[in-house]
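Single-structure report; data block below.
All of the numbers you see were taken from the coordinates with simple rules; none came from a lab. Please read these numbers as outputs of a predicted model, since none were measured by experiment. Here the Cβ positions follow ideal geometry from the backbone for every residue, glycine too, while neighbour counts run over all protein chains shown.
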Amino acid sequence: MGKLKQNLVVLLVVSMVFTGKVNANPAGSGKDAPAIIADVFICRPLGILALAGGSALYVLSLPFTVPANGKEAAKRTLVLYPYHYTFIRQLGEFHDEDL
C-alpha cells in the first residue's frame with residue numbers, strides 16, 4: 001500500500017509540472033523560457049540519441065549507399081541534420097533555415 005501511495009504522489013507531482021497553458025510552438029518563436037527549458041531537457045538529449053543512432057545507421061548503410069552514389073544524401077540525413085539540430089542551432093529555436 002505504501003508503494004501505491006508513493007507512485008500516486010509521483011504521478012501527481014509530474015502531472016502538475018506539465019499542467020498549464022500549452023501552445024504549439026510555431027517555427028521561429030521559441031525565445032521564451034518554456035521553449036528553452038524544453039529544448040535543454042527534452043530536445044537536446046533526444047538529438048544526441050538521434051545523432052548516435054543515425055551515425056550507426058550511416059555506417060551500416062555504407063555498403064549499400066556507396067555503389068548507388070547515395071553516400072552524401074545518407075550522411076546529410078542521418079548524421080548532419082541531427083548534429084546541427086543538437087549542437088549548432090540556438091536554444092529555443094526549433095526551425096533553422098541553415099539546413
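A simple packing score, the average count of other Cβ atoms within 10 Å per residue, orders the peptides 56-69, 73-86, 35-48 as 73-86, 35-48, 56-69, with the highest score first.
Its residue count N fixes a reference of 2.2 N^0.38 Å for the stretch 29-93, and the Cα radius of gyration divided by that reference is 1.34. Pairs of Cα atoms nearer than 8 Å and 6+ residues apart set the relative contact order; for the stretch 29-93 it is 58 percent.
A Förster radius of 35 Å combined with the Cβ-Cβ distance from residue 60 to residue 90 puts the calculated FRET efficiency at roughly 0.65. Summing charges over neighbours of residue 58, with a neighbour being any other residue whose Cβ is under 13 Å away from its Cβ, gives +2 when K and R count +1 and D and E count -1.
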